[in-house]
Amino acid sequence: MTDRARPRDGGDHAPADRALVVVRAGVLTTVQDLGRPGHAHLGVPRSGALDEPAHRLANRLVGNPAPAATLETTLTGCAVRLRTAATAAVTGAACPVAVDGRPAPWGAPVRVPAGAVLDVGPATHGLRSYVAVAGGIDAEPVLGSRATDLLSGLGPDPLADGAVLPLGRPYGPPAAADAVPHAGFAAELVLPFRPGPRDDWFTAAGLRTLATAVFRVSPAANRIGLRTEGPPLERARDGELPSEGMPLGALQVPPNGLPVLFLHDHPTTGGYPVAGVVPERYLAAAAQAVPGTPVRFVRMR
Amino acid sequence: MTSGSEPARPLPLRALPVGEHGLLIELDRAGDAEALHAELLRRAADGTLPGVREIVPAARTVFLDGLADPGALAAQLPGWRVPPPAAGDRPPVEIPVRYDGPDLADVAALWGVTPEDVVRLHSGTAFRVAFCGFAPGFGYLTGLPVRLHVPRRATPRTRVPVGSVGLAGPYTGVYPRSSPGGWQLIGRTDAVLWDPRREPAALLAPGTPVRFVPVTAPVPAPRTGRAAEETTR
């Protein structure tokens, strides 16, 4: 297995051959990895794959370590031509996958010959697919990460048709997984939250609204925040806080009263009160919720 | 004024839980937030804040995330004896400024002085980065006395040029890149506030002392970092 995979994947190509060419960028496809934590005090967002488990799985399927960079698509997928033969895998949002027009499996290692086009189709369930290629996307790291940060503009630009992205050398044989079971995405997004730190800025009725009402994912949701539509939360006091640190998963409530769930490209400080915080392990589901999906916030304990 | 001879003391504070691994520590005074931030950095460097991933100071708070046991830390915090913030222990970062901003006259009117006095007062102030945010490399600088605090512009500008030096509320700041903004602009600098290829990337980090130095002619400062970035892909 190893002996067969390595000579084909590795070694003899010139560095310029280890690249992919963007054939169809899709509405928004970005390079993502595990982000750049530890720089929030400089105003640098965490960034990184919104559906981190899907990013990790895609990497594992092609033999990459978790920090290798993948492509994160949005709704419409993308298509790339590989200049060199490589193993690829698509996870996250379910979608049709094809190599040079022939159907290929989703959620499994796929051999892509040199010069062939890997087409990641529109999402049929979920919103964001992850495309890993053996060796990872070898864009230049910024502060230790190759992630595209749409708030502050760090990292590589979002993909554009015709762009060329370098690939790293394969790390080793792909994981021994034939196919990956997929739990699917619930018709309703249920997000547990811990109240605070600024729940006292809301009336009891306002907090009840947060914990009981059905909101919907707004079409304005993006990598910075999952905006919601629904009944506004009643405030106990007006005005703004002095700016304070904002966590990933914050339910920040701007003056319109509608909670915004902070995702990975969120601003690191802000002046609107945070009514509660959704633990990180629930954010992957939020990242896959298409606009219009009903959302419930459930108070923990 | 704080002085280095003040003893370490417990700080009046409230520790608010933030999710499962975070704490937002709220203090009564900005000076106490500075002191606690410095203490937290010392303890993080000593490895006595297990798991901590982010330490984000702000106006009246310090936010910690990634803590292994935020409840235990919240219980210990009121007993910490925290020394006052160290002053004058390092030279300030000097930022050359052409004081020719579009709001210079407005600021002079708000302060009740001449534009020349604005330059004298602003460049004569010992600033310090209270915290960062808004954009990578954007520091909120404190140091102006209360009587020199000014409101934001009633209508924000859609585009503020990179390097603009502005005032808002108690703060002075320098725009690290062109962006929309509502601060009162009094001048402009060629200093590169943010360059991810530089180590450190941010010219200003929380705690950095800063002085603005008036210059009259355009400063031909090297802009290698930004230029290099723009040629990449």
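Since every read-out is calculated from the coordinates, none of them should be taken as a lab result. From a predicted model like this one, the values you see are computed outputs, not experimental measurements. Heads up, the Cβs are rebuilt from the backbone with ideal geometry, glycines too, and the neighbour counts pull from every protein chain shown.
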Against the empirical 2.2 N^0.38 Å scaling, what ratio does the C-alpha Rg of chain B come to?
1.10
Can you pull the mean other chain C-beta count within 10 Å for peptide B:122-133?
3
Semi-axes in Å, largest first, for chain A (Cα gyration tensor, √(5λ)) are 38, 19, 15
Let me confirm one metric for peptide A:44-51, namely the mean number of other chain beta-carbon atoms within 10 Å of its residues' beta-carbons.
2
Among A:Arg169, A:Arg194, A:Arg208, which one shows the highest mean-square fluctuation when chain A is modelled as a Gaussian network with alpha-carbon springs under 10 Å?
A:Arg208
Can you give the average number of partner chain beta-carbon atoms within 10 Å of each beta-carbon in peptide A:142-148, as a whole number?
1
Hull surface divided by four, with the convex hull built on the Cα atoms of the stretch A:162-301: how many nm²?
12.2 nm²
Dividing the Cα convex hull volume of the protein assembly as shown by residue count, how many Å³ per residue is that?
164 Å³
When the Cα centres of the stretch A:31-59 and the stretch A:71-132 are compared, how far apart do they sit, in Å?
21 Å
Helix A:52-61 vs. chain A, principal-axis angle (Cα, 0 to 90°, nearest 10)
10 degrees
Contour minus end-to-end for A:Asp17 and A:Arg235, with contour as 0.36 nm per residue of separation and end-to-end as the Cα-Cα distance?
72.7 nm
Would you work out the charge dipole size for the stretch B:47-205 about its Cα centre, treating the Cβ of every Lys and Arg as +1 and the Cβ of every Asp and Glu as -1, and quote it to the nearest 20 debye?
180 debye
Quick check: net charge around A:Arg194, other residues with Cβ under 11 Å of its Cβ, Lys/Arg +1 and Asp/Glu -1?
0
Helical mean residue ellipticity (222 nm; -39500 (n - 2.57) per DSSP H run of 4+; nearest 500) of the protein assembly as shown:
-4000 deg cm²/dmol
Arranged by the count of other C-beta atoms within 10 angstrom, fewest first, what order do B:Arg60, B:Arg188 take?
B:Arg60, B:Arg188
Given that compact globular proteins tend to follow 2.2 N^0.38 Å, what is the ratio of the alpha-carbon Rg of the stretch A:19-166 to that value?
0.95
A:Ala85 to B:Arg53: FRET efficiency via 1/(1 + (r/R0)^6), r the Cβ-Cβ distance, R0 45 Å, to the nearest 0.05?
0.70
Based on the mean of other Cβ atoms within 10 Å per residue, sort peptides A:24-35, A:48-59 so the most packed one is first.
A:48-59, A:24-35
Between B:Ala72 and A:Ala163, what is the spin-label point distance in nm, taking each point 7 Å from the Cα along the Cα→C-beta axis?
4.4 nm
P(r) over all Cα-Cα pairs of the stretch B:41-132, 5 Å bins from 0 to the longest distance, whole percent per bin, short to long, reads 2, 9, 14, 15, 13, 10, 9, 8, 9, 8, 2
May I ask for the percentage of alpha-carbon pairs in the stretch B:132-177 that lie more than 17 Å from each other?
34 percent
